[in-house]
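Here's the structure we're looking at; comments come further down.
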Amino acid sequence: MTTSDGQELTTDQLREIIARHGAWRRGEADGVRADLSDATLSGATLRDATLRGATLSGADLSGATLRDADLRDATLSGANLSGATLRGANLSD
C-alpha cells in the first residue's frame, strides 16, 4: 500500500487514518477527514471500515476487501474497484 506521493503505508497507519476519520465524523478535536486520494490500496482489507465522507478519488482499491464497509458520501470518482469485494458495503450517495 502506498500514499498518493508514493510513500509506503502500513496496515497500522491505514488503521490510524480510519480511526482519526471516525473521530472527525464524531466532531472530536483530534479527528481528521481521511484523504486517500490516488493511494494504492489494492488487496487491502477494509472490512467493516467506516469511511463515510472520506476522499478516495483515484484510489486503487482493486481486489480490496470492502465487505460491510460504510462508504456513504465518500468521493470515489476515478477509483478502481475492479475485483473488490463489496458485499454488504454501503455506497449510497
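The values are calculated or read from the model by the stated rules, or taken from the named source; none is laboratory data. Model, not experiment: these values are computed from the prediction. Reconstructed Cβ throughout: ideal geometry from the backbone, glycine too, with neighbour counts over all protein chains shown. Calculation scope for accessible area: heavy atoms of the full protein, side chains included, ligands and nucleic acids excluded. Shrake-Rupley method; radii C 1.70, N 1.55, O 1.52, S 1.80 Å.
Assorted remarks:
- Some residue of the range 39-61 being free of Cβ contacts under 8 Å to residues at least 40 places away in the same chain, more than 12 Å from the chain's Cα centre (by Cα) and part of a strand (DSSP E or B): no
Here is a yes/no grid of residues against (1) surrounded by 17 or more Cβ atoms within 10 Å (Cβ to Cβ); (2) modelled with pLDDT of 95 or more; (3) at positive phi:
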position	(1), (2), (3)
Thr2	no, no, no
Gln7	no, no, no
Asp48	no, yes, yes
Leu51	yes, yes, no
Leu66	yes, yes, no
Gly78	no, yes, yes
Gly83	no, yes, yes
Arg87	no, yes, no
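- For the range 23-33, the condition of being within 20 Å of Ala84 (Cα to Cα) and open to solvent by less than 90 Å² (accessible area, probe 1.4 Å) holds for none of the residues.
- Gly58 meets all of the listed conditions (1) open to solvent by less than 50 Å² (accessible area, probe 1.4 Å); (2) within 18 Å of Thr11 (Cβ to Cβ); (3) among the small types (Gly, Ala, Ser) but one, namely (2).
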